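J.: Have a look at the structure that comes next, please.
The values are calculated or read from the model by the stated rules, or taken from the named source; none is laboratory data. What you are looking at is a predicted structure, and each value in this text was computed from that prediction instead of being measured. Reconstructed Cβ throughout: ideal geometry from the backbone, glycine too, with neighbour counts over all protein chains shown.
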Amino acid sequence: MTEPKNKPSTEAQAKTTSSVPPTLDSNEQIKELFTLTSRIAQELERSRISQYTELLYRPWKLIGLNLLSGAARGVGIAIGFTFFAATIIYLLQMLGALNLPIVGDYIADIVRIVQRQLELNTY
């Protein structure tokens, strides 16, 4: 009437047999392992991990490269900010020359605030 508990059902047998990959002979396993190893080696070469590990053994070169890249970033940021600020100042001067009622009053308020701050701060 009822199935014994030790005997697995036919559904469970079907699930286990279908999920097992087919067995490969030793030559096919070696070829698959070689392909996988070659792919990993190519990925490591693309990531330039060897150059990074060489830098770890030469800390002064790593420090020098980081200092150089940091200085280059700093100069780039300074040039970019200068260009941006000059453009904003130029646009504000153009708006100030137009004598627009709302914009002119706004710019005048900004000038007054800056002058007041300069008078208060005597470093």
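J.: Which numbered condition in (1) modelled with pLDDT of 80 or more; (2) surrounded by fewer than 10 Cβ atoms within 10 Å (Cβ to Cβ); (3) of a type in the set (G, A, S) is the only one that S18 fails?
T.: All conditions are met except number (1).
J.: Sticking with this one: Can you go through L100, L92 and tell me which one is surrounded by 10 or more Cβ atoms within 10 Å (Cβ to Cβ) and touching a residue at least 12 places away in the same chain (Cβ under 8 Å)?
T.: Result of the check over L100, L92: L92.
J.: Which members of the range 54-80 meet the condition of being of a type in the set (A, V, I, L, M) and at pLDDT below 95?
T.: L55, L56, L62, I63, L65
J.: Here are the criteria: (1) more than 41 Å from the chain's Cα centre (by Cα); (2) surrounded by fewer than 10 Cβ atoms within 10 Å (Cβ to Cβ). Tell me which single one R116 does not satisfy.
T.: So the condition that R116 fails would be (2).
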